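The values are calculated or read from the model by the stated rules, or taken from the named source; none is laboratory data. Here the structure is a predicted model, which means the values were calculated and not measured. Glycine also receives a Cβ, built like all others from the backbone with ideal geometry; neighbour counts cover every protein chain displayed. The accessibility values were calculated without ligands, DNA or RNA, using every heavy atom of the protein model including side chains. Shrake-Rupley method; radii C 1.70, N 1.55, O 1.52, S 1.80 Å.
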Amino acid sequence: MYGPSTATFAYLTTKSLDPAGCDVVHILSFLQELLDGSSVTSRFKVLWAYVGSKEDKHPPTSFLFQHFAKLYNSRNSSNSPADVQLEISSEDSESNSSSFYSEFGISSESYSSLKQTLYWAGPDTLITSVSMSTSPAHSTFIIQNLKDSYQIGEELFVTIHARDFNNKSKCYGGDFFQAKLFSSKSPKKASVFGEVVDLLNGSYTVRFLLPWVGEAQVAVRLIHSSEAVQVLKHHRATDSDRVFFKGYFEGPGPNLTRLKETVKCNVKWEKNGLERMGTGDCCCDYKDSRSGEEWRCQRPKSLPCSARVYHSFGGYKRRMTGKASKLMKLNNKGINGQKRKIKILPFKESAEIDVSRKCRPGLHTPVPAGFYLNDVWTSFVCSTRHFTTQTTTQCLKDKHIHMMGDSTLRQWFEFLLKAVPTLKRMNLHVEYHGGPLIAVDVENNIDLHWRSHGLPLRCLKTEVSNLHYISNEIDDLTGGPHTVIVFNLGPHFTTYPLDFFTHRVLRIRKAVLDLLKRAPDTTVIIKTVNTGYKDVFGSDWYSLQLDRILRWAFQDVGVYILDVWQMTACHYNKENIHPGPVIIKNEMDIFLSFICPK
């Protein structure tokens, strides 16, 4: 964390703040001392901490640690039944999981840090009524030490006070808030992501950087109450089969007829509700010999297991109780707070921010990672460019671009088809949404590929033979200076156990490490998770947990991390798992800047 966030963490740790006490006076006083003791110059230095060379020290990605795992003392931990079970690997499978992780070069210390990273606070009392949950209508935010004006580069601190539907202050943390600073008129279309820190007592602090000149306003949303997060946890632990799939079997029948059968399929995993598929001879099991990934379908009545030809999304199973349904409906609501416009002035005659560091693999992603101004994203990670049709074509010339992931990455494929008129898509006679897709530019020697990340995949009916696992695809690539690989994982994995997702990610990590050993000049880019989903089948809270795992796994690998979480969370467009053209254009500018840095 940066600045006051780090100091606050140390302060809370040394003072042993009791979350049950709901006392934030000392914390607010402490933050005020920090602010009052800082000159404008020292505040401006904070801005350059995001973009300067000292960032190479790789401080922790603080927005991934909204909830401090170690602040609960033993008494509070024992009184929090919803959080007794760790978010990854229950005690009975701890040794097996540790063994699996060690096979991939993950130390016990790193494994422990993963579990801490995934910790999320929760209620410390039994919730008997929806009225006890956090109410967006009663919760409020206030701007600390609000001034008449600020200077660009300063920080703004906001405190959120969570209250329930009886207007009673909450005494525990775990609410999932998102915050942004924005301006719609002066300047136009400007926004920046805010870092939320849970004080574990019903209060939260938000830190904003002030990166533009003009006006700004604060907006805070309650994505899920702490109580709704417990619903999400419960269904991931017990109900992972609530998204199911179909397997299509075909084969010869009597008298020259053709037999067709359709059955249910899902991930093979002997817990978390996935064991409901059946045991013994109930099913056809499909284990990939290279990656070890396993898939299971109900056994057809008349056809052999080898007759599986197609795959598709099957449907949803809704098993929530009435109370759980009510809690989940109270999501993504704005909370009330100070609406006063914040005036931001230039700093020493400069009204712009210049990020001069060249893009390269392994750079840390700060918070904020950048900001929008007039619909253009300025990155704090490295110096990015804004590409035209001509410069895009020049950048991709003589490149083999391999995209592997979901439909949000397919949007990038579609963008490049429009951005480079000489790229022509070949008709492979496959179901478009399932892929694979290929486009070729003979004139500029460009070949562009998109392929899905393999099962599980919520898609239309597509051939099983076209669904390849990312780790296998990377293993089959030679790599080299003309090869660009970009992949993502997220929305299709939200309902599954974190162990399952982590196993998948670590297999990809191994494939990337092996690739970079044989071809170290290969460009590897990871697109992070978008915001957009808010329900029990694909919540942003689920996505954030997956995002943490992905970043943890690749933190020490020489790859580019393209952070789209903040870009999609703070934009003025209504959140959509498939962002609009403005966001995609800015994502692609960063992508191309990684391939062709200044």
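Of the whole protein surface, C282 contributes about 40 Å² of accessible area at a 1.4 Å probe radius. With one equal scatterer per alpha carbon and no solvent term, the Debye-computed log10 I(q)/I(0) for the stretch 96-216 at 0.10, 0.12, 0.20 1/Å reads -0.50, -0.66, -1.04.
Suppose we take every Cα in the stretch 248-371 and form the convex hull; what volume per residue is that in Å³?
Normalising the Cα hull of the stretch 248-371 by residue number yields 289 Å³.
List the pairs from K268/K317; K115/K326; K268/K399; K341/K527; K271/K534 whose alpha-carbon separation is above 28 Å, in the order I gave them. K115/K326; K268/K399; K341/K527, as the Cα separations exceed 28 Å there. For the stretch 255-318, relative contact order (Cα pairs under 8 Å, six or more residues apart, normalised by length) works out to 34 percent.
The modelled label-to-label distance between K397 and A137, using points 7 Å beyond Cα along the C-beta direction, is 6.2 nm. Put a dot 7 Å past the Cα of L428, heading toward its Cβ, do the same for L477, and the two dots end up 1.4 nm apart. Using a Debye calculation, one point per C-alpha and no hydration shell, please list log10 I(q)/I(0) for the stretch 504-592 at q = 0.10, 0.11 Å⁻¹ in order. Computed log10 I(q)/I(0) values: -0.30, -0.37.
Here the stretch 525-563 and the stretch 141-167 have alpha carbon centers that stand 28 Å from each other.
With 0.36 nm allotted per residue and the present C-alpha distance subtracted, the T388-C282 stretch has 32.6 nm of extension available.
Starting from 0.36 nm per residue, how many nanometres of slack lie between K147 and H578 once their C-alpha separation is accounted for? Before the final figure, lay out each step's value.
Values: separation 431, 0.36 × 431 = 155.16 nm, distance 3.82 nm.
Gain on stretching K147 to H578: 151.3 nm.
For the stretch 133-264, the relative contact order is 24 percent, taking Cα pairs closer than 8 Å that sit 6 or more residues apart in sequence and dividing their mean separation by the residue count.
When all protein chains stay in place and ligands, DNA and RNA are ignored, the 1.4 Å accessible-area order of K115, K147, largest first, is K147, K115.
What ratio of Cα Rg to 2.2 N^0.38 Å holds for the stretch 183-284?
On the way: Rg = 25.6 Å, N = 102, 2.2 N^0.38 = 12.8 Å.
After normalising by residue count via 2.2 N^0.38 Å, the value is 2.01.
If R0 is 41 Å, what FRET efficiency do you get for E294 and S169 from their C-beta distance, rounded to 0.05? Can you show the working numbers first?
Values: r = 48 Å, r/R0 = 1.16.
Calculated value: 0.30.
Distance between the modelled labels on T238 and S325, one decimal in nanometres: 1.7 nm (7 Å Cα→Cβ projection).
For the stretch 277-354, which GluC sites (Glu not before Pro) pass both filters: DSSP loop (anything but H, G, I, E, B) and at most 13 other C-beta atoms within 10 Å? Intermediate values should be presented prior to the final figure.
Values: sites: E293, E294, E349, E352; in loops: E293, E349, E352.
The qualifying sites are E349, E352.
For V440, neighbours were defined as the other residues whose beta-carbon sits under 14 Å from its Cβ, and their charges (Lys and Arg +1, Asp and Glu -1) total 0.
May I ask for the net charge around T384, where only other residues with Cβ less than 11 Å from the Cβ of T384 are counted and Lys, Arg are +1 while Asp, Glu are -1?
Values: positive: R357, K358, R385, K598; negative: E587, D589.
Net local charge, T384 excluded: +2.
Take the alpha-carbon centre of the stretch 581-598, take the same for the stretch 186-242, and report the distance between them in whole Å. Comparing the Cα centres of the stretch 581-598 and the stretch 186-242, I get a distance of 25 Å.
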